[in-house]
Amino acid sequence: MSKANNSALQVPEVDIAIIGGGSAGISLAAKLNNCSALVVEPHSPAERDCSWALWANPAQQQQLAPATKGSWKQWRLVDDYSEVLHSSDQYRYTSLSSAQYMEQCEASLAEGVNVIRAAAENIVARGNGGSFTAAHQHYSAAQLYDSRPPKIAEHGLKQHFLGWDVRTKTPIDDPDIATLMDFRVDQSRGLHFIYVLPFSDRRLLIESTMISANLEDKDWYRQAIGQWLDQQNIGIEETLGEEAGVIPMETVAPLDSDIASIGAASGAVRLSSGYAFSAIQAQMTKLANGIHAGEYSVPTPISPALIRMDKIFNRVLLAQPELGVSIMMRTAKALDANGFARFMLGSATLTDWAKVILAMPKAPFLKQVLRP
Ligand SMILES: Cc1cc2nc3c(=O)[nH]c(=O)nc-3n(C[C@H](O)[C@H](O)[C@H](O)COP(=O)(O)OP(=O)(O)OC[C@H]3O[C@@H](n4cnc5c(N)ncnc54)[C@H](O)[C@@H]3O)c2cc1C
């Protein structure tokens, strides 16, 4: 591989340039060695801090420990009629500080792999590589990877949420249980649930999450959180932060199809759930291994078969949103904790799939399977 040329008179040329140093970009950079590489990212990790959650296996629990804000071996889903409580002996539902994770990756970069704290502009693809400017400097790379967020279709299905980081007045019950979905909220505008991560008995991340085509006013989510807290008799002593986000649940298009995209831009976000962290980790590990062996193409993050299943699930939700709560509760009831984690991670076994398919209402799914 060529060495980076940092001469002030010539265009710096590197083996690999990665546009965007988020989950995918900085994870890939941290796995590279014996090459010259640049990650171009305008924001510091602290400026982009948010919560990234995943079901972590024992190896990940260890590897991600420095960035872990909280982890739970028990999680629950609740509706008006019942509660499903899962207790796993393998997976922990884990919430990471994205800033700490990205700082950890940046601190571990090999010699010759550097971060430029600027936006990439004037990006021009040339074969597998290309050129761009960043902080008024022109760069070129033999291989370019693009992780800039993809375009979101305005009227497509999305997961959208607003959450509060709060300190409660009094200790809550069950701080050892993560509430993944509590459906006892207004279901009139789409599939809606409250998500609660107790980082301690008095510190909670609490989000109102919607799965629908249309975004709501911020006050709508805030009101839903307030109502849920009232129902639970939980008083807030202090709100420490607010976080909002939109995750597309439809096939996305990268900003520039001439550049090899990675991460969310390459379709790494699970269409039925919005989770992406584990798929991105697997994709970046395979890609880095390929690069070290001279193979630069980007591995598919999610199998076509799983994408097809997720699309059918989403079509059912769009056609009959009133079935959403029952579908999620039936899925959770059909599986044990480890099966549910595997299902959410996209690594369900054939037995897991059989249990879920048997538990589903048949007619709505058949209608969408047979739809052209
Ligand atoms: C608010 C939110 C919460 C989420 N929570 C979860 C979660 O809990 N669990 C989960 O599994 N998934 C979650 N996701 C899904 C999410 O898409 C991924 O987890 C992950 O962030 C995607 O990684 P990525 O590297 O593809 O994109 P990002 O992490 O978004 O990184 C893209 C980077 O590109 C940079 N960039 C943009 N333009 C330029 C430019 N011109 N030049 C250089 N850099 C540029 C951005 O600053 C950004 O840092 C969440 C998504 C959102 C939006």
Qualifying residue in segment 30-39 (condition: of a type in the set (Lys, Arg) and either surrounded by 18 or more Cβ atoms within 10 Å (Cβ to Cβ) or at pLDDT 95 or above (or both)): yes
Contact list, first residue from segment 42-59 and in contact (Cβ under 8 Å) with a residue 40 or more places away in the chain, second anywhere and near the ligand (Cβ under 9 Å from one of its atoms) and among the aliphatic types (A, V, I, L, M), beta-carbon distance below 8 Å, six or more apart or interchain, is 42/118; 42/119; 45/102; 48/102; 51/96; 52/96; 53/96; 54/96
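Would you confirm, using the coordinates I've provided, whether residue 271 is assigned to a helix (DSSP H, G or I) and either modelled with pLDDT under 95 or of a type in the set (A, V, I, L, M, F, W, C) (or both)?
Numbers: assigned to a helix (DSSP H, G or I): no; either modelled with pLDDT under 95 or of a type in the set (A, V, I, L, M, F, W, C) (or both): yes.
Against the criterion (assigned to a helix (DSSP H, G or I) and either modelled with pLDDT under 95 or of a type in the set (A, V, I, L, M, F, W, C) (or both)), residue 271 does not qualify.
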If you check residue 163 against the conditions, is it touching a residue at least 40 places away in the same chain (Cβ under 8 Å), near the ligand (Cβ under 10 Å from one of its atoms) and part of a strand (DSSP E or B)?
yes
- Task: With the condition kept exactly as written, say whether any residue in segment 44-55 is away from the ligand (no atom under 16 Å from the Cβ), modelled with pLDDT of 95 or more and either within 25 Å of residue 347 (Cα to Cα) or not assigned by TED's automatic domain parsing to the domain that holds residue 280 (or both).
- Result: no
Result of the Cβ filter at 9 Å on segment 200-214, keeping first residues that are outside any strand (DSSP E or B) and partners that are surrounded by 23 or more Cβ atoms within 10 Å (Cβ to Cβ) and small (Gly, Ala, Ser), at least 6 apart or interchain, is none
Checking 96, 85 in turn, the sole residue that is more than 10 Å from the ligand (Cβ to nearest atom), in a strand (DSSP E or B) and either at pLDDT 95 or above or crowded, with 23+ Cβ neighbours inside 10 Å (or both) turns out to be 85
Of the residues in segment 278-319, those that are of a type outside the set (Val, Ile, Thr), surrounded by 16 or more Cβ atoms within 10 Å (Cβ to Cβ) and not in a helix (DSSP H, G or I) come to 296, 301
Considering residues that are modelled with pLDDT of 90 or more, at negative phi and assigned to a loop (DSSP other than H, G, I, E, B), the number found within segment 247-268 is 7
Residue pairs within 8 Å by beta carbon, gap of at least six or interchain, first lying in segment 20-33 and closer than 10 Å to residue 115 by Cα, second away from the ligand (no atom under 13 Å from the Cβ) and of a type outside the set (Gly, Ala, Ser), listed first then second, are 29/109; 29/113
* To do: Answer yes if at least one residue in segment 116-124 is closer than 25 Å to residue 247 by Cα, within 12 Å of the ligand (Cβ to nearest atom), polar (S, T, N, Q) and not assigned by TED's automatic domain parsing to the domain that holds residue 173, and no otherwise.
  => no
Among 91, 139, the single one that is farther than 22 Å from residue 298 by Cβ and either within 14 Å of the ligand (Cβ to nearest atom) or outside the structural domain of residue 219 (by TED's automatic domain parsing) (or both) is 91
Those residues of segment 119-162 which are within 27 Å of the chain's Cα centre (by Cα) and among the β-branched types (Val, Ile, Thr) amount to 123, 152
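The values are calculated or read from the model by the stated rules, or taken from the named source; none is laboratory data. As the structure is a computational prediction, the values presented were derived from the model and not from experiment. All Cβ positions, glycine included, derive from the backbone under ideal geometry; neighbour counts span all protein chains shown.
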